[in-house]
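Take a look at the structure set out below.
The values are calculated or read from the model by the stated rules, or taken from the named source; none is laboratory data. Every value quoted in this text rests on a predicted model; they were computed, and no experiment measured them. So basically every Cβ, Gly included, is an ideal-geometry build from the backbone, and we count neighbours across all protein chains shown. Accessible surface areas use protein heavy atoms only, side chains included; no ligands, DNA or RNA. Shrake-Rupley method; radii C 1.70, N 1.55, O 1.52, S 1.80 Å.
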Amino acid sequence: MKKILVTGGSGFIGSELVRFIIDHTEHQVLNMDCLTYAANQESLASVSGNDRYQFEQVDIRNKVAVEKVFSDFQPDIVMHLAAESHVDRSIEGPEAFIDTNVKGTFNLLEASRKLGKSDFMFHHISTDEVYGDLEGTDDLFLETTPYAPSSPYSASKAASDHLVRAWHRTYGLPVVITNCSNNYGPFQFPEKLIPHMILNAIHGKSLPVYGDGNQVRDWLFVTDHVKALLTVAQSGKVGETYNIGGFNEKSNLYVVEYICDLLDKKVSAMRDEKIKSFKELITFVKDRPGHDRRYAIDATKIKNELGWTPDESFETGIEKTVDWYLENKTWWERVLSGEYKLERKGQV
């Protein structure tokens, strides 16, 4: 049994990771999260009463508070997911991304180093966006692909990746890094593409697609991702990087149209009588600055070395996701209304 500290454990990927660890292992979990707008304690309702789970409301930018948590909990593994992660928000206000993603990671690395534990792992969870853009249709991001971030968000994540590697090289801190493709699935905050389109559609609102919609992403079902994360944290080679992808390259427009097709079959009663298909709600809007055209992960290394492959295809994963949002109206209604914030104990 290990003591695992998860930063950002109340967010989308973090809460899935916490639930998976509690439900499928014997490990203890401490969730350290400052509860920004995208965090939701209601996503952890199923494990909140478990005696192997505990929560600390701490901002990773607060060095003193971070060090106290480390000192008290004495983690064997740190799985660092806490980050500002929305590209559009990073364009509008980049400073918060530098503070959290760079300075926050520095604080965690220093707290880890001060623990001085011999049997320890710092697992930094990053993104494929640090690699920038792929021009060809057959190229893939490798672990050795040079960094070329395009947005303040991806630049801040690239910087944090470099810090993690430097702390390994300079101080000998045991680390692993994973760079993942676009995640989707249950409990995702509605500002992200897939839940945004699902909820807009069933409310009869427009479905805004940037540019021509032909930006290509590799889509990874969140449960597959957290299985990979736990595999790397426990079995990854110290100092290595592992790319995690879903083997599901789809354009943004294809994703939106596929969601519309599913909704046409599942919720025809919600559709406005004036339209025959939810696809009629699709509108093309001005592309965002620096929008990368294609991301695609080569996940051969994690497959060959650690035996991980995703269980879900895009088609099975997206149907599970659509069904979850249709069946969990109370969860997303409370997010959209802001009521979910009222459940935050100790929140100022």
>> Residue pairs, Cβ under 6 Å, 6 or more apart or interchain, first in region 113-140 and closer than 15 Å to Gln215 by Cα, second among the aliphatic types (A, V, I, L, M) and open to solvent by 20 Å² or more (accessible area, probe 1.4 Å). List them.
In response: Gly132/Ala148
> Restricted to region 237-246, and to residues that are in a loop (DSSP other than H, G, I, E, B) and touching a Ser or Thr at 6+ places or on another chain (Cβ under 8 Å), which residue is surrounded by the fewest Cβ atoms within 10 Å (Cβ to Cβ)?
Replying inline: Gly246
> What number of residues within region 183-197 satisfy the criterion of being assigned to a loop (DSSP other than H, G, I, E, B), open to solvent by less than 20 Å² (accessible area, probe 1.4 Å) and more than 11 Å from Thr321 (Cα to Cα)?
Replying inline: 1
> So which of Phe106, Phe70, Phe12 is touching a strand residue (DSSP E or B) at 6+ places or on another chain (Cβ under 9 Å) and more than 19 Å from Cys180 (Cβ to Cβ)?
Replying inline: Phe70
> Any idea how many residues of region 102-157 are open to solvent by less than 10 Å² (accessible area, probe 1.4 Å), modelled with pLDDT of 95 or more and either closer than 17 Å to Val64 by Cα or in a loop (DSSP other than H, G, I, E, B) (or both)?
Replying inline: 7
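Let's see how each residue does on (1) within 30 Å of Lys286 (Cα to Cα); (2) free of Cβ contacts under 8 Å to residues at least 24 places away in the same chain; (3) touching a Gly at 6+ places or on another chain (Cβ under 8 Å):
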residue: Tyr147; (1), (2), (3): yes, yes, yes
residue: Ser151; (1), (2), (3): yes, no, yes
residue: Leu163; (1), (2), (3): no, no, no
residue: Ala166; (1), (2), (3): no, yes, no
residue: Asn183; (1), (2), (3): yes, no, no
residue: Ile194; (1), (2), (3): yes, no, no
residue: Leu207; (1), (2), (3): yes, no, no
> In region 259-267, is there at least one residue being at pLDDT below 95 and out of contact with any helix residue (DSSP H, G or I) (no Cβ under 9 Å at 6 or more places or on another chain)?
Replying inline: yes
>> Suppose we filter region 253-289 for residues that are closer than 30 Å to His124 by Cβ and surrounded by fewer than 21 Cβ atoms within 10 Å (Cβ to Cβ); how many remain?
In response: 2
> Looking at region 1-36, which of the residues that are without any contact (Cβ under 8 Å) to a residue 60 or more places away in the chain, part of a loop (DSSP other than H, G, I, E, B) and within 18 Å of the chain's Cα centre (by Cα) is surrounded by the most Cβ atoms within 10 Å (Cβ to Cβ)?
Replying inline: Ser10
> So which residues in region 39-75 are open to solvent by less than 30 Å² (accessible area, probe 1.4 Å) and in a loop (DSSP other than H, G, I, E, B), if there are any at all?
Replying inline: Ala39, Asn40, Val47, Val58, Ile60, Pro75
> Here are some residues: Leu253, Leu262, Leu229. Which one is closer than 23 Å to Gly211 by Cβ and not in a loop (DSSP other than H, G, I, E, B)?
Replying inline: Leu253
> Regarding Leu230, is this residue surrounded by 14 or more Cβ atoms within 10 Å (Cβ to Cβ), aliphatic (A, V, I, L, M) and under 30 Å from Pro75 (Cα atoms)?
Replying inline: yes
> When only residues in region 76-99 that are in a helix (DSSP H, G or I) and not hydrophobic (A, V, I, L, M, F, W, C) count, which is least open to solvent (accessible area, probe 1.4 Å)?
Replying inline: Ser90
> Right, Asp292: open to solvent by 60 Å² or more (accessible area, probe 1.4 Å), part of a loop (DSSP other than H, G, I, E, B) and among the acidic types (Asp, Glu) or not?
Replying inline: no
